[in-house]
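The structure appears below as structure tokens.
The values are calculated or read from the model by the stated rules, or taken from the named source; none is laboratory data. What you see is a predicted model; the values in this text were computed from it and never measured. Every residue, glycine among them, receives a Cβ derived from its backbone with ideal geometry; neighbour counts consider all protein chains shown. Heads up: the accessible areas ignore ligands, DNA and RNA and are worked out on the full protein's heavy atoms, side chains in. Shrake-Rupley method; radii C 1.70, N 1.55, O 1.52, S 1.80 Å.
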Amino acid sequence: MSKVIHDLIILENRQPGPEYHVLVCKAPETLPVCYPGQFAEVAVPSSTHAFLRRPFSIHNVDYQNNTISFLIKMVGQGTRTLGQLPTGTVLNAIYPLGKGFSLNQAEPVLLVGGGCGIAPLLFLAKTLKLNGYTVHCLLGGRSADDLVEIPEFRETAEVYLTTEDGTQGEKGFVTQHSIFRELAGFTRVFACGPEGMLRAVALASRAAGVSCEVSLENNMACGIGACLCCVVETRKGNRCVCTEGPVFNVLDLKGWESPQEVADNCPVI
Amino acid sequence: MPDLSTTLHQLSLKNPVMTASGTFGYGKEFSDFIDLASLGGIIVKATTSEPREGNPYPRMAETASGMLNSVGLQNKGLDYFVKHIYPELQQINTHIIANVSGSTIEGYVEVAEKMAGLDHITAIELNISCPNVKQGGMAFGTSVTSALEVTRAVRKVYPKTLIVKLSPNVTSIVDIARAVADGGADVLSLINTLLAMAIDAEKRRPVLSTVTGGLSGPAVKPVALRMVWQVSKAVKLPVIGIGGICNATDAIEFFLAGASAIQVGTANFINPRVTTDIIKGIEDYLLRHNLQTVRELVGSI
């Protein structure tokens, strides 16, 4: 499976929430086959402050219209620039990168997304549905503003919602949602979101005896396994999230088997 | 067509564009994007005698026109390199140069000696300038005595082209260059990354797990140009220019400053095709300036 560098053209830039944009982009030639969980390294156009490319999960792929979409949360200068790009802008992207979710699973599966972590789950839900699965999807955020793309998810999945402030869905963290009481009834959990959430989902899945795959969001430079900057500690040693992930089975991740604070390796000065 | 070929000691390069160690993996990471054989040479990721896991995450910080890294020489060690990586490198039809690193002189010598026996490795680049390891690395490259000592020790066991990669984190890079030349180096490459730091103001913590890291990218280019110019004036060995090269104009500037060849590093992360773009751009420049060879530019300032 080969990677391509494309000058994509933004066909549509819609704003599903105050901090979120969906960029629907047309490929200049036939889209390569993409798998849910894979990502693209996107160059921020004419930017002096965003030197490196930005990695984004593939949010949706439409082979008929030859389009690929990215869900972008505006958090820094790079993502803010990308979110404000008008239609017609050329977006240079390297894709598809990394390894995605395992698709051959027994039903039922539960998808868990937090904040911008829902990005790869729409493509995953659509692909699973296409393969005949019934998909259950729990989406969480800090508040209602963080729950985006809900109508799109509802087209393909049974959707459950949760917010930390209770402005939409059940109140609390995703792992406090009532669906988690029925976790043992699922065969597999696929999750993407902040590391603290992923660790909590991993622990709950382990306790329920359910297999769990998570998509990690480590900072990257190259995205193709050359710089070795984005590593995660696995049972086999440090591994690149960009090439051996971003999706990992939590059993392969070192230190994810017991409760702990989100790892922060940086010393306090 | 202008002649892009150049020589570095015993190495004849088809063109002066190579890739910097640690920014190009083992080449195959880029084979979807460019024809590896079109490069003047590939300096592969550093090899140490024993496997190294490198430093904990986070290892990277984006900065103004550049980035910091503190990878810490993660590699699978010499035996793995010889058994599993070398056979793949043999398929690539250009100069493959091994970057040799270590925490002791014995470690450097062991790796260099083994590399000497691998036919398709046509040269080694001695890394005495990595700022991200607690022992060895930059420690060897920041003192005249130890730079001389490690170069001399490796020279004894390595008969092919010996390149030594210099650290910019010194008071006088010319003094180190002279010492390395005295130790028997054939070629000098410079610069490695500049020791630097990034802080997350919101978290009130350093960004990198190691606190400090190495700065690379366009931000370091003027420093690198100055050092290449100083060293090439002071030492008779051929010089390979490294530091923030992103396009053909950057490369030309290094030739003018005295570099016989260049290495492209961080720019590979942003544009995996940047090396072939640079080769084409150098050709265009030579045509535009009515020059027959790239060698005519070298050291003309």
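Quick one: in the stretch A:130-180, of everything that is among the basic types (Lys, Arg) and under 18 Å from the mean Cα position of the chain (by Cα), which residue is surrounded by the most Cβ atoms within 10 Å (Cβ to Cβ)?
A:Arg142
Being part of a strand (DSSP E or B), of a type in the set (D, E, K, R), open to solvent by less than 10 Å² (accessible area, probe 1.4 Å) and in contact (Cβ under 8 Å) with a residue 12 or more places away in the chain, is that true of even one residue in the stretch A:10-21?
no
So which of B:Ile92, B:Ile96, B:Ile34 ends up being among the β-branched types (Val, Ile, Thr), within 12 Å of chain A (Cβ to nearest Cβ) and open to solvent by less than 30 Å² (accessible area, probe 1.4 Å)?
Unique residue meeting the criteria: B:Ile34.
When the stretch A:94-113 is examined, which residues are found to be buried (at least 20 other Cβ atoms within 10 Å of the Cβ) and more than 9 Å from the chain's Cα centre (by Cα)?
Taking the stretch A:94-113 and keeping what is buried (at least 20 other Cβ atoms within 10 Å of the Cβ), we get A:94-98, A:100-101, A:109-113.
Those that are buried (at least 20 other Cβ atoms within 10 Å of the Cβ) and more than 9 Å from the chain's Cα centre (by Cα): A:Ile94, A:Tyr95, A:Pro96, A:Leu97, A:Gly98, A:Gly100, A:Phe101, A:Val109, A:Leu110, A:Leu111, A:Val112.
Tell me which helices (runs of 4 or more DSSP H) are completely within the stretch B:117-229 and hold 3 or more residues being away from chain A (no Cβ under 14 Å), of a type outside the set (Asp, Glu) and surrounded by fewer than 24 Cβ atoms within 10 Å (Cβ to Cβ), or say none if there are none.
It comes to B:144-157, B:173-182.
Is it true that some residue in the stretch B:233-256 is within 12 Å of another protein chain (Cβ to nearest Cβ), of a type in the set (Val, Ile, Thr) and open to solvent by 40 Å² or more (accessible area, probe 1.4 Å)?
No; the residues of the stretch B:233-256 include none that is within 12 Å of another protein chain (Cβ to nearest Cβ), of a type in the set (Val, Ile, Thr) and open to solvent by 40 Å² or more (accessible area, probe 1.4 Å).
Specify the residue that is nearest to the chain's Cα centre (by Cα); the eligible residues are those in the stretch B:46-66 that are part of a strand (DSSP E or B) and either facing chain A (nearest Cβ under 7 Å) or among the acidic types (Asp, Glu) (or both).
Checked the stretch B:46-66; the qualifying residue nearest to the chain's Cα centre (by Cα) is B:Gly66.
Only residues that are assigned to a loop (DSSP other than H, G, I, E, B) and of a type in the set (A, V, I, L, M, F, W, C): list them for the stretch A:137-185, please.
A:Leu147, A:Val148, A:Ala157, A:Phe173, listed by residue number.
Could you list, in sequence order, all residues of the stretch A:216-246 that are open to solvent by less than 10 Å² (accessible area, probe 1.4 Å), within 17 Å of A:Cys192 (Cα to Cα), at the interface with chain B (Cβ under 10 Å from one of its Cβ atoms) and assigned to a loop (DSSP other than H, G, I, E, B)?
The one that is open to solvent by less than 10 Å² (accessible area, probe 1.4 Å), within 17 Å of A:Cys192 (Cα to Cα), at the interface with chain B (Cβ under 10 Å from one of its Cβ atoms) and assigned to a loop (DSSP other than H, G, I, E, B): A:Cys230.
What single numbered condition from (1) under 19 Å from B:Asp32 (Cα atoms); (2) modelled with pLDDT under 95 fails to hold for A:Leu228?
The single condition A:Leu228 does not satisfy is (2).
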